[in-house]
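K.L.:
Have a look at this one.
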Amino acid sequence: MKLLIDNADIEQIKRIYDLYPIDGVTTNPSILAASGRHPYDVLGDIRAFIGDDADLHVQAVARDAAGMIREAKKITEELGRNTYVKIPCVPEGFKAMKALSAEGYNLTGTAVYTPMQAYLAAKSGAKYIAPYINRIDNMGYDGVQVAKDIHDIFTANNMEAGLLAASFKNSQQVLELAKYGVLAATVSPDVIDAFVKNTAITSAVDAFIADFEKLTGPGKTMADL
């Protein structure tokens with residue numbers, strides 16, 4: 001499963017990239033708005049840091065297909081053809097996806113709450129489909145199960161699209177989908193940090209270091225011997 005960062009703060013992105021094995025970055029209009037900067041300045045910084053080969057996902061905000069198509073062309077012109085344009089899974093979005101996929105654009109179907117949205121987006125040419133796990137939970141349904149159902153639909157129908165699961169509240173949700181074999185998950189920095197934030201882990205490492213220092217002296221490591 002690919003692991004992406006759902007964030008547009010370049011310092012946070014650099015920190016997470018430094019620590020963990022990361023495959024790319026996703027953004028959305030709300031994340032970009034929180035930066036307070038021009039969207040293409042933020043996205044340009046991200047692209048320059050992660051490189052041309054890493055996945056970068058950027059959302060179109062137009063309400064009609066023609067506007068989404070114009071945005072997709074501008075986004076990829078500015079950020080490279082390896083950029084995935086996120087298109088909302090609504091009727092005008094499916095229309096835009098059909099036209100853009102025919103021209104070879106990389107597309108991510110976003111704002112997904114139901115398996116039928118996902119199926120239609122995959123049929124329309126999206127390579128990634130992004131169900132909102134926690135938001136589905138908040139509607140009274142099981143977000144992880146909805147994502148699994150979508151994965152099963154793609155597998156049963158030999159569809160080329162894969163999941164880019166989004167909107168996680170905890171590491172257990174991510175783990176469940178990793179075990180199920182979904183294509184990718186995009187996760188906020190705080191949830192990524194929580195993957196291994198565990199007092200038992202910290203205590204075990206501290207105990208090993210303390211025992212070693214009793215043998216060799218404070219601050220010594222294997223490199224100092």
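The values are calculated or read from the model by the stated rules, or taken from the named source; none is laboratory data. Since the structure is predicted, the reported quantities are computational estimates derived from the model, not experimental observations. A quick note on method: Cβ atoms are made from the backbone with ideal geometry, for glycine too, and the neighbour counts reach across all protein chains shown. Only protein heavy atoms, including side chains, enter the accessible area calculation; ligands, DNA and RNA are left aside. Shrake-Rupley method; radii C 1.70, N 1.55, O 1.52, S 1.80 Å.
K.L.:
Please work out which residue is surrounded by the most Cβ atoms within 10 Å (Cβ to Cβ), limiting yourself to the range 31-69 and to residues that are free of Cβ contacts under 8 Å to residues at least 24 places away in the same chain and over 19 Å from residue 109 (Cα atoms).
P.N.:
39
K.L.:
When only residues in the range 91-148 that are outside any loop (DSSP other than H, G, I, E, B) and of a type in the set (Ser, Thr, Tyr) count, which is most open to solvent (accessible area, probe 1.4 Å)?
P.N.:
We begin by selecting, within the range 91-148, every residue outside any loop (DSSP other than H, G, I, E, B); these are 91-102, 107-112, 115-123, 128-138, 143-148.
Filter once more, keeping what is of a type in the set (Ser, Thr, Tyr): 101, 108, 110, 119, 128, 132.
On the way: 101: 40, 108: 1, 110: 0, 119: 75, 128: 9, 132: 31 Å².
Within the range 91-148, the match that is most open to solvent (accessible area, probe 1.4 Å) is 119.
K.L.:
Still on this model: Could you check how many residues of the range 149-159 are part of a helix (DSSP H, G or I) and open to solvent by 30 Å² or more (accessible area, probe 1.4 Å)? Break it down into steps so the answer makes sense when it comes.
P.N.:
Let us first name the residues in the range 149-159 that are part of a helix (DSSP H, G or I), namely 149-156.
Imposing the further condition that a residue be open to solvent by 30 Å² or more (accessible area, probe 1.4 Å) reduces the set to 149, 151-153, 155-156.
Of the residues in that region, 6 qualify.
K.L.:
Would you check which residues across the range 175-219 are surrounded by 17 or more Cβ atoms within 10 Å (Cβ to Cβ), touching a Leu at 6+ places or on another chain (Cβ under 8 Å) and not in a loop (DSSP other than H, G, I, E, B) and list them?
P.N.:
Scanning the range 175-219 gives 177, 184, 185, 186, 187, 192.
K.L.:
Within the bounds of the range 70-82, is there any residue that is surrounded by fewer than 13 Cβ atoms within 10 Å (Cβ to Cβ), under 14 Å from residue 108 (Cα atoms) and at pLDDT below 95?
P.N.:
yes
K.L.:
Can you say whether residue 52 is acidic (Asp, Glu) and either within 20 Å of residue 192 (Cα to Cα) or at pLDDT below 95 (or both), as far as the supplied structure shows? So that I can check it myself, show each step before the final result.
P.N.:
On the way: acidic (Asp, Glu): yes; either within 20 Å of residue 192 (Cα to Cα) or at pLDDT below 95 (or both): yes.
When the stated conditions are applied, residue 52 passes them.
K.L.:
Write out, first by first residue and then by second, each pair whose Cβ atoms fall under 7 Å of each other, whose residues are 6+ apart or on separate chains, and whose first residue, in the range 4-30, is closer than 26 Å to residue 72 by Cα while the second is part of a loop (DSSP other than H, G, I, E, B) and of a type in the set (D, E, K, R).
P.N.:
Note: pairs meeting the criteria are 4/23.
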